[in-house]
Amino acid sequence: MLACSLAVVFTLGSILQYTQAQPVTWVATLLILFACVFVFSGFVLAGARRAGRARVPLTIALVVVDIVACVSVSIGICADGELFYPNQNQGAYDKLAGNSAMEQVTAHHGRDTYTGWFVHNTDGKAPLVISFGGNQECAASRIAGDVQSGRESTYSGYNFMMLDYPGYGTSLGHPSQSSMFAMAEAAYDYAVTRPDVDATRIVIEGYSIGTGMATYLASQRNVAGLILIAPYDSGLSLYNSRLNIFHGPLRLLVGFRADSMAYAQSVQVAPLIVTSTTDEVISYTQSENLGRFFPQAPQLTVFPAIPHTQYLATPQVLDLIRAYLQQVNP
């Protein structure tokens, strides 16, 4: 009874956390997991009773097993809930919808559909920047912010495209490593079919959590350049930066692994990496570590005083991006 009571408490807590960002099917999976634990415990106790063995030590052991299983799964679920913040900025969406230079686009991967925006910065067939944004932004908010602040001039001579992650903006689905990587591939594969995109001059840009998708995509497709703003070296590092417990067996609980260090080794261009010693979300040491894995040495710039959310509001960062874009596509 004690084991069952504890498991129910942990199960309910897990469901409340998990349903904020994950599909109902995952909730069903959790229930099945805990049901299996209960059934297993019941069979063992029944066997022990028929065998006439002492039940107290076995009951204690089963309580421990139930607690460990429930706590472990709950920790993994809570970590995922802290990692993704799907959102939609309706005000920014409405502004872009009324701008003739902005085109709402849709890409597909199997049964999944991803939406976002294509910014026409130049005429005819031109280079393209495909951008993967941060955790708490959607494509509409990023592009509307660029227009309002005048940052779109940073990408002069390039068209610009940004799709929303699953569950973000108007994209369907739920964020996970597999779904976000699939979205990244779908974005590129859609872009190269457009008559206004020069497929030989595509630059991938990633900011914060988006650097994982950017590095992965650059390892899987032909790209002219790669821009990484506040990149991390692996999803495991992200988890541990929030709750430093994912070591040893607890590493198995990490769902978003995004091993950028492994993908970097297959990237065939020299990336631009921008980070800051005062970044309070992703340590500059992660960015520096990632830079060591690219076959071609990156252009690494470590700023002394840029908060995590202020990279694109810093003129020196925009200057670096502008110069890099002109360098890879003169």
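A few points about this structure:
- Looking across segment 122-149, the residues that are outside any strand (DSSP E or B) and of a type in the set (Val, Ile, Thr) come down to 122, 143, 147.
- Residue check for residue 164: over 21 Å from residue 267 (Cβ atoms) and surrounded by 24 or more Cβ atoms within 10 Å (Cβ to Cβ): yes
- When the residues of segment 183-210 are filtered to those that are hydrophobic (A, V, I, L, M, F, W, C), part of a strand (DSSP E or B) and touching a strand residue (DSSP E or B) at 6+ places or on another chain (Cβ under 8 Å), the one that is surrounded by the fewest Cβ atoms within 10 Å (Cβ to Cβ) is 197.
- Looking only at segment 152-164, and only at residues there that are in contact with a Phe, Trp or Tyr (Cβ under 8 Å, 6 or more places away or on another chain) and at pLDDT 95 or above, the one that is nearest to residue 330 (Cα to Cα): 159
- Residues that are at pLDDT 95 or above, over 12 Å from residue 287 (Cβ atoms) and not small (Gly, Ala, Ser), drawn from segment 208-242: 213, 216, 217, 220, 221, 222, 223, 226, 227
- Filter result (crowded, with 22+ Cβ neighbours inside 10 Å and without any contact (Cβ under 8 Å) to a residue 60 or more places away in the chain) within segment 167-179: 171
- Only one entry in 325, 318, 290 is touching a Lys or Arg at 6+ places or on another chain (Cβ under 8 Å) and either in a helix (DSSP H, G or I) or outside the structural domain of residue 150 (by TED's automatic domain parsing) (or both), namely 318.
- Scanning segment 90-104 for residues that are under 11 Å from residue 170 (Cβ atoms) and surrounded by 17 or more Cβ atoms within 10 Å (Cβ to Cβ) gives a single hit, 93.
Residues checked against (1) of a type in the set (A, V, I, L, M, F, W, C); (2) assigned to a loop (DSSP other than H, G, I, E, B); (3) surrounded by fewer than 24 Cβ atoms within 10 Å (Cβ to Cβ):
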| position | (1), (2), (3) |
| --- | --- |
| 181 | yes, no, yes |
| 212 | no, no, no |
| 216 | no, no, no |
| 222 | no, yes, yes |
| 228 | yes, no, no |
| 236 | yes, no, yes |
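The values are calculated or read from the model by the stated rules, or taken from the named source; none is laboratory data. Given the structure is predicted, the values throughout are model-derived calculations rather than measurements. Quick reminder, even Gly has a Cβ in these numbers, built from the backbone with ideal geometry, and neighbours come from all protein chains shown.
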